[in-house]
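A short worksheet on the structure shown next.
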Amino acid sequence: MQAVPVTDSIHWVGAIDWNLRDFHGFETPRGSTYNAYLVKGEDKVALVDTVKVPFVPELLERIRSVVELDAVDYIVVNHVEPDHNGGLRLVMQACPNARVVASAGGVRGVAEYHGPDLELAAVGPDDVLDLGGLTLRFMPMPMVHWPDSMFTYCPERSCLMPNDAFGQHIASASRFADEVGLDFAVEELITYYANILMPLGPQVSKAIEKVLESGWVFTTIAPSHGVIWRERDIPTLLETYGRCTSGDTYDKLVIAYGTMWGSTDVLARHIADGAIQAGVEVRLFDLASTPYAHVTRHVLDARALLLGSPTLHHGMLHRPAGYLQYLAGLKPKDKVAGAFGSYGWSSGATRQISSRFEEMGLEMPLGDLTCKYAPSAEELVAAREWGRTFGEIVVERGPM
């Protein structure tokens with residue numbers, strides 16, 4: 001396995017996880033990569049991040065395609081989460097001359113994860129690793145997205161290595177966004193942001209501002225998941241990330257639901273028809289066939305979420321209930337919401353949905369929409385009117 005040049009003297013030496021399909025609840029149908037970068041100066045060599053434990057042999061083989069393992073002088077820990085540095089101890093054993101550096105939070109995190117016997121040094125904004133003709137500089141970025149997170153920068157190559165920022169879950173033989181297609185890479189970037197970083201929008205926004213104000217110039221942005229961004233695509237990347245972090249929304253409404261015998265599905269389709277008549281973009285998802293991550297990507301920039309469920313055992317069907325649990329952790333803000341569904345001999349699902357929406361701080365401008373057994377013609381008219389009213393609310397509110 002060969003390293004891939006990123007810029008002169010910087011190589012990608014990470015691993016491709018073709019078969020990853022779940023990233024702690026985030027469905028990843030396209031797999032992912034665990035990106036690590038080898039920076040080779042005239043005198044010293046630094047490895048920026050490692051990989052998950054099963055992929056350490058792949059990482060080491062790619063390093064050996066550039067330098068011998070005992071030539072690695074530094075290992076930089078940008079983030080202690082196991083997908084990036086689960087394999088740290090094994091890599092340290094394979095690279096016996098390497099000194100390990102991390103943010104102050106990273107030093108604590110490595111000790112807590114790997115044990116206190118590993119020796120690390122803390123680095124911060126005033127520290128520089130001189131590799132001979134190349135240097136590495138550091139910017140701790142607490143809560144982007146863990147307390148230990150850090151960005152690493154090589155000014156001589158204008159290369160920013162920001163760990164999880166600007167990442168995507170894509171397994172590909174290609175290493176660059178322009179090779180897989182910019183539109184595709186941007187869409188995967190938005191999906192990653194929505195499902196990983198949504199609750200940290202203010203912190204991420206401040207972090208990006210901090211980098212832009214630092215005077216660092218970057219023509220390459222090399223994240224720790226997915227493809228690498230080259231100079232011509234960076235303006236689009238930054239503009240997209242700015243929209244994500246700002247919470248910009250559109251005249252868009254998401255309808256997600258579960259159904260048992262089809263009644264809630266029929267309601268959902270008529271609600272969608274009414275909302276479309278109000279002139280909004282509608283995204284309709286049956287949670288039995290659509291990954292939570294895909295729904296959440298559209299919730300990110302929508303102004304309304306309508307969630308439907310039939311009643312089962314006095315409560316929600318498991319898929320809508322599971323989606324609410326998933327979404328609550330991502331803390332969506334500035335959305336209006338509504339609950340709909342059907343029931344037979346006992347109701348209860350929509351009350352539970354509304355209760356969870358209230359706990360999440362979402363505004364519910366209309367009452368629940370329910371029907372018993374199959375919806376009647378009159379109830380379908382009411383469903384279209386309910387959807388149209390939500391659509392009008394979305395249009396009237398504009399960006400939040």
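Derivation of every value follows stated rules applied to the coordinates shown; laboratory data play no part. None of the values given here were measured: they were computed from a predicted structure. Reconstructed Cβ throughout: ideal geometry from the backbone, glycine too, with neighbour counts over all protein chains shown.
Once you place label points 7 Å from the Cα toward the Cβ at SER174 and ASN97, how far apart are they in nm?
Rounded to a tenth, the inter-label distance reads 3.8 nm.
Treat every Asp and Glu Cβ in the range 286-400 as -1 and every Lys and Arg Cβ as +1, leave all other atoms uncharged, and give the resulting dipole magnitude about the Cα centre to the nearest 20 debye. Can you show the working numbers first?
On the way: 12 positive and 12 negative charges, 61 e Å.
Charge dipole of the range 286-400: 300 debye, to the nearest 20.
Is there a quick way to get the dipole size of the chain? I mean about its Cα centre, with the Cβ of Lys and Arg at +1 and of Asp and Glu at -1; what is the value in debye to the nearest 20? Write out the running numbers ahead of the final one.
Working: 33 positive and 50 negative charges, 160 e Å.
It works out to roughly 780 debye.
Angle between the Cα long axis of helix 182-192 and the longest principal axis of the chain, 0 to 90 degrees, nearest 10?
80
Provide the three semi-axes, in whole Å and in decreasing order, of the ellipsoid equivalent to the range 252-395 as defined by the square roots of 5 times the Cα gyration tensor eigenvalues. Before the final figure, lay out each step's value.
Details: eigenvalues 78, 66, 35 Å².
Its equivalent ellipsoid spans semi-axes of 20, 18, 13 Å.
If the reach is capped at under 18 angstrom between alpha carbons, list the aspartates and glutamates near LYS210, excluding any in the same chain fewer than eight residues apart.
Within the straight-line limit of under 18 Å, LYS210 reaches these aspartates and glutamates: ASP126, ASP127, ASP148, ASP164, GLU239.
When the chain is treated as a GNM, springs tying every alpha-carbon pair under 10 Å, which of LEU267, LEU182, LEU160 comes out with the largest mean-square fluctuation?
In the Gaussian network model the winner is LEU182.
Measure off 7 Å from each Cα along the Cα-to-Cβ vector at MET260 and ASP248, then give the distance between these two points in nanometres to one decimal.
Placing both labels 7 Å beyond Cα along the Cβ direction yields 4.4 nm.
Run the numbers for LYS331 and THR389: contour at 0.36 nm per residue of separation, minus the present Cα-Cα distance, in nm. Don't jump to the answer; show the numbers that get you there.
Working: separation 58, 0.36 × 58 = 20.88 nm, distance 2.48 nm.
Extra length from LYS331 to THR389 when fully extended: 18.4 nm.
For the charge dipole of the chain, defined by +1 on Lys and Arg C-beta atoms and -1 on Asp and Glu C-beta atoms about the Cα centroid, which residue among THR50, TRP12, LEU284 has the Cα displaced farthest towards the positive pole?
LEU284
Helix-only estimate, please: 222 nm mean residue ellipticity of the chain, summing -39500 (n - 2.57) across DSSP H runs of length 4 or more and dividing by its residues, to the nearest 500. Before the final figure, lay out the partial values.
Working: 13 runs with 139 residues, N = 400.
Result for the chain, helices only: -10500 deg cm²/dmol.
May I ask you to compute the full-extension gain from LYS206 to GLU187, defined as 0.36 nm times their residue separation minus their alpha-carbon distance, rounded to one decimal in nm?
Working: separation 19, 0.36 × 19 = 6.84 nm, distance 2.24 nm.
The LYS206-GLU187 span can extend by a further 4.6 nm.
Just to confirm the number: angle between the C-alpha axis of helix 234-246 and the first principal axis of the chain, 0 to 90 degrees, nearest 10?
The angle comes out at about 50 degrees.
Hey, how many Å between the Cα centroid of the range 202-227 and the Cα centroid of the range 313-352?
Spelled out, the Cα-based centre of one part sits 37 Å from the other.
Relative to the longest principal axis of the chain, what angle (0 to 90°, nearest 10) does the C-alpha long axis of helix 318-328 take?
Relative to the chain, helix 318-328 is tipped by roughly 50 degrees.
I need the shape label for the range 4-246. Rule: rounded when a/c is under 1.5, else prolate if a/b > b/c, else oblate, with a, b, c from the alpha carbon gyration tensor. Before the final figure, lay out the partial values.
Numbers: a/c = 1.32, a/b = 1.26, b/c = 1.05.
Taking the square roots of the gyration eigenvalues as a ≥ b ≥ c, the range 4-246 is rounded.
Over 31 Å between Cα atoms: which of LYS40/LYS331; LYS52/LYS333; LYS335/LYS372 fall into that group? Walk me through the numbers before you get to the answer.
Working: LYS40/LYS331 41 Å; LYS52/LYS333 33 Å; LYS335/LYS372 28 Å.
Those over the limit are LYS40/LYS331; LYS52/LYS333.
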